[in-house]
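Student: Pasting a structure below so you can have a look.
Derivation of every value follows stated rules applied to the coordinates shown; laboratory data play no part. The model shown is predicted, which means the values in this text are computed figures rather than measured ones. Neighbour counts run over all protein chains shown; Cβ positions are idealised from the backbone, glycine included.
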Amino acid sequence: MATRYKGYMGKVLDIDLTSGTVGEYPVTDTDRELFLGGRFLSTKILWDELKKGVDPLSVDNLLIVMTSPLTGSGAPSSSRYDISAKSPLTGAIGHSNSGGNFGIHLKKAGYDGVVVRGRSEKPVYLEIDNGKVTIRDGAEIWGMDTQKSQEAMGKGGTMAIGPAGENQVKFASVVSQERSHGRTGMGAVMGSKNLKGMVARGNKKVPIEKPDGFKQVIKKWIKMLQDHPATGDFAPRYGTAGFLTSLSMKNALPTKNFTSGSYHDAYSIGGERLADEFLVKNYGCVSCPIRCGRIVNIDGREVKGPEYEILCLLGSNMMINDMDAIIRWNYKLDLLGMDAITVGTLMGFAAELNEKGIWDSGVEFGKSDNIDGILDDIACKRGVGKELAEGVKTLSEKFGGKDFAPHVKGLELAAYEPRGAVGHGLGYATASRGACHLDGGYMIYFEVTGPVTLDPHHYRSKPSWTILDQNLLAAISAGGNCLFTSWTFVPSAAFKVPGSRVLSSVISWLLTHTWLLIDWIVMMPKSVLKMHLPMLPHSKAIALSTGMKMDFGKYYMVGERGYTMERLFNLREGIDKSTDTLAKRFTDEELVPGNKKTKVPLSKMLPKYYRLRGWNKDGVPRKKTLKKLGLSFIQD
């Protein structure tokens, strides 16, 4: 369906693998205005198309690949695109974002997205070439790893699953180039449809409404990112791995299955050592000036290096300090097509079950010589790997250990100890797809790792901060940018102010009523906030590229609206207030004995969180909230 807005190609493919038919999915301009693109436009389609209770691995689930208006526009860090479906790991809304090249090439081929239905009788892959769509026989590439599969599909933008996806491991990933759609098991959904991958190519250009103005904004935006201490210095120098040692010093580094927040040998697996001893060069996603990616050497081959999450979760969380081994496991997980975050957290949980005599899986803290084989076993669902392939939630329900099982809604915790940053813990508990640091609002940056931080244990202001961050990051994702572009929200001057406990405490208490700012943002977008923020040029870039009437207030509301839409999807699937929780280890046990501030006071934060979101005491969005957000149709 054509669109009056630029920035979009105006077509979304609708492919039924059961019948082999190819059509076009109708997307209205109203939906584009409300949801922009990416995960939120996909959620709207899933809401419309799926019946309540659909088995995520059945023929009835949909797999949706969706770009955003800035994808492929040349805006900084805008190669992002999303894959969504009902998650086989959680039963909740599932989505995963990546900076691989497939999204850009999909738009060059003339499409904004792909809706995949049904299931092929035999392995296939999709070839999308300048408007022509072919369902290719995938028998010869079935069984290949993600790298060889992409090479076999030919030139263009590619994405593929590995053995884990083929075997429907519930946390299987999809890989584009070397970038991974890791979370929520989108690779398993592809595998359930016998869909090995997709390749897209074309020569179409993304139309821009006001090209001259857009170019000027982009030029200034790139310079701002290059000049900012976070995106121009820290991230290129150390990548995300640069956070590891500081998190350990501040008691927020998951260690020994989240029993501790500090690791005695953090330097051995930290970003400083990675940069000094292993880094060959930096790399970045297409159109990204930040270049936070690491290239390292394995046996004479240059491959993608590890990021913070796996260094922590297969390092300190497993009591392993072998950097070389972690680098190899990282590469192996990408080839197998498995989410590194889930695997690391899962292994830590299995090791504690073993240590407590609950379940002997062969996984032990400090033991590294059998991990390679266990990873293969998980991907192939054989032996002990068949049990591990179900994830932490299922393991805890079958064998025990619910009180220390690190997951929310079935999604394993990312690599931040919530007792070391209680706002981050609230984000885990309320994130739509489960225990995600990004969907949760990435509060760790404002509580621990940023230049000037809030008191990480002070809870009264955290509901408002968490909502602010969740909505803003969600809008950035829907528009098509990497979330690291949000780091410029903190002015460069803040990096020059010496951090202190006094300053942190003052900021925390003064901003207890941040909810007033949120209320101001969402209630008055047509007046006070009919503007663009210079440190966040995202809304202005979207306005200039699409021709939409976009300002920061409306842009922020895209995040709030989409977040609420995801909540509604989850509620329909029976995922309600009872799942907005953390294991008792995080809410009832002290991280450091004698310091009660290290518990996550979830019961104190949730009521205010619901109230500020316009939800009732049971976490259900109120009718007036739906009306304000343009979601009144949900009540029909």
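Student: What ranking of Val384, Val592, Val124 emerges when the number of other C-beta atoms within 10 Å of each C-beta is taken as an exposure proxy, fewest first?
Tutor: Val592, Val384, Val124
Student: On to the next question. I need the shape label for the range 94-140. Rule: rounded when a/c is under 1.5, else prolate if a/b > b/c, else oblate, with a, b, c from the alpha carbon gyration tensor.
Tutor: Verdict is oblate for the range 94-140.
Student: Give me the percent relative contact order of the range 237-412, please, defined on Cα pairs under 8 angstrom at least 6 residues apart.
Tutor: Relative contact order, the range 237-412: 17 percent.
Student: Filter the cross-link list Lys281/Lys332; Lys462/Lys628; Lys608/Lys628; Lys256/Lys599; Lys332/Lys584; Lys256/Lys584 down to pairs whose alpha-carbon distance in this structure exceeds 27 Å.
Tutor: Going by Cα-Cα distance, Lys332/Lys584 fall outside the 27 Å limit.
Student: Still on this model: Let me spell out the model: positive unit charges on the Cβ of Lys and Arg, negative unit charges on the Cβ of Asp and Glu, origin at the Cα centre of the range 237-412. What dipole size does that give, in debye rounded to 20?
Tutor: The calculation lands at about 480 debye.
Student: What's the exposure ranking of His424, His105, His264, His458, going from fewest to most Cβ atoms within 10 Å?
Tutor: His264, His458, His105, His424
Student: For the chain, what is the percent of antiparallel DSSP beta bridges, rounded to the nearest 5?
Tutor: If we restrict to bridges inside the chain, about 80 percent are antiparallel.
Student: Restricting attention to the alpha-carbon atoms of the chain, what are Rg (one decimal) and Dmax (integer), both in Å?
Tutor: Calculated on Cα positions, Rg and Dmax stand at 22.6, 66 Å.
Student: Cut-off is 10 Å between beta-carbons; in what order do Asp212, Asp265 appear when sorted fewest neighbours first?
Tutor: By the 10 Å Cβ count, ascending: Asp212, Asp265.
Student: Ignoring everything except DSSP H segments at least 4 long, calculate the 222 nm mean residue ellipticity for the chain; use -39,500 (n - 2.57) per segment, divide by total residues, nearest 500.
Tutor: Mean residue ellipticity, 222 nm, calculated: -10500 deg cm²/dmol.
Student: Using only alpha carbons, build the gyration tensor for the range 227-376 and give me the equivalent ellipsoid semi-axes, biggest first, whole Å.
Tutor: 27, 18, 12
Student: Here is a follow-up. Enter the Cα centre distance for the pair the range 70-91 and the range 108-136, rounded to the nearest angstrom.
Tutor: Between the Cα centres of the range 70-91 and the range 108-136 lies a distance of 17 Å.
Student: So, one more: Of Ala275, Thr43, Met198, whose Cα points farthest to the positive end of the dipole of the chain (charges on the beta-carbon: +1 Lys, Arg; -1 Asp, Glu; origin at the Cα centre)?
Tutor: Thr43
Student: Rounded, prolate or oblate: pick one for the range 358-506, where a ≥ b ≥ c are the square roots of the eigenvalues of its C-alpha gyration tensor, a/c under 1.5 means rounded, and failing that, prolate if a/b is larger than b/c, else oblate.
Tutor: Prolate shape, in that a/c is at least 1.5 and a/b is the bigger ratio.
Student: Right, next: Can you give me the span-like helices of the chain, meaning DSSP H runs with 15 Å or more of Cα extent along the axis and Kyte-Doolittle mean at or above -0.5?
Tutor: Span-like helices, by this rule, are 38-49, 323-336, 340-355, 462-479.
Student: What trypsin sites (Lys or Arg not before Pro) does the range 549-636 have in DSSP loop regions with at most 16 other beta carbons within 10 Å?
Tutor: Here the trypsin sites (Lys or Arg not before Pro) that fit, given the DSSP loop and packing criteria, are Lys549, Lys617, Arg622.
Student: Would you give the gap between the C-alpha center of the range 303-323 and the C-alpha center of the range 246-269, rounded to a whole Å?
Tutor: When both Cα centres are located, 12 Å separates them.
Student: Only sites in a loop by DSSP and with at most 13 other Cβ atoms within 10 Å count here; which GluC sites (Glu not before Pro) in the range 32-133 make the cut?
Tutor: Sites meeting the loop and neighbour criteria: Glu121.
Student: From the Cα gyration tensor of the range 12-201, with a ≥ b ≥ c the square roots of its eigenvalues, which class applies: rounded if a/c is under 1.5, or else prolate if a/b is larger than b/c, or else oblate?
Tutor: Rounded.
Student: Kindly provide the trypsin sites (Lys or Arg not before Pro) of the range 80-177 that DSSP labels as loop, not H, G, I, E or B, and whose Cβ sees at most 16 other Cβ atoms within 10 Å.
Tutor: Hits after loop and neighbour filter: Lys155.
Student: What's the center-to-center distance, using Cα atoms, between the range 473-490 and the range 364-421 in Å?
Tutor: Value for the Cα centre distance between the two parts: 30 Å.
Student: Given a cut-off of under 8 Å on Cα pairs at least six residues apart, what relative contact order in percent is computed for the chain?
Tutor: Once normalised by length, the contact order is 14 percent.
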